[in-house]
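Asker: One structure follows; several queries about it will come next.
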Amino acid sequence: MRSTICLLAIVLMIGCGEKSEENVGEKLAEKAIEANIGKEADVEVNKESVRITTKDGEMSITSGESAKIPDDFPKDIPVYKGSVVNMAMEVPQGYSLSFTTKDNMSKVSEWYLKEMMSKGWTKEMSVDVKNQTMLVFKKGERGVNLVIAPDNGHTRLSLTSVKG
């Protein structure tokens, strides 16, 4: 279900331009989401963002130049200094961020290991597979998954945080 909502939101972000098209896209998205989850949904589409609201909560996605770390993003989860945010998604269960940096993967990985542990997180897993590093951290009932991978001469970081 979440993947359907995410895919739909991304399609709306890419495909909408004119206000009349946005209204049609919003209504179609609302109907598709309502059919999928069996609840009323409100969809608001802007140039680089989508907000979906149901009685269970709200999901928002920003991308491109308007992408930014959500204001209520946990302060004990560091964001790599000097990185550029490409996408930020907030759902009732947590956050998903995608950002890039010019620093190499090993520097980013070492920085995250040090910073997360200094903020009280416990490393649950560290895996290096096919030019990618995956780090998993836990703190109480909360979790953070981080995937670090090369991306056209940069390093891409995908961070998912699950609320406890």
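Readers should treat all values here as calculations from the given coordinates under stated rules, not as data from a laboratory. Please read all numbers here as calculations on a predicted model, not as lab measurements. No Cβ is skipped: glycine too gets one built from the backbone with ideal geometry, and neighbour counts run over all protein chains shown.
Asker: Among the listed pairs K55/K119; K55/K102; K68/K138, which have their C-alpha atoms separated by more than 32 angstrom in this model? Spell out each step's value before the answer.
Answerer: Values: K55/K119 34 Å; K55/K102 41 Å; K68/K138 24 Å.
Pairs exceeding the cut-off: K55/K119; K55/K102.
Asker: Taking just the alpha carbons, could you work out the radius of gyration and Dmax for the stretch 67-164, both in angstroms?
Answerer: 12.5, 36
Asker: What is the set of long-range amide H partners of M87 at a cut-off below 5 Å, with H atoms built 1.01 Å from backbone N?
Answerer: Here S98 satisfy the definition.
Asker: Put a dot 7 Å past each Cα toward the Cβ at K114 and E141; how far apart are the dots in nm?
Answerer: Here the modelled spin labels are 3.4 nm apart.
Asker: Taking θ as phi - 60°, what are the ³J(HN,Hα) couplings along the stretch 114-128 by the Karplus curve (6.51, -1.76, 1.60), each to the nearest whole Hz, with x for Gly and Pro?
Answerer: Taking θ as phi minus 60°, the curve returns 5, 5, 5, 5, 5, 9, x, 7, 9, 6, 8, 7, 9, 10, 10 Hz for the stretch 114-128.
Asker: Can you pull the one-decimal nm distance between simple spin-label points at F73 and E48, each 7 Å off the Cα toward Cβ?
Answerer: That separation, rounded to one decimal, is 1.4 nm.
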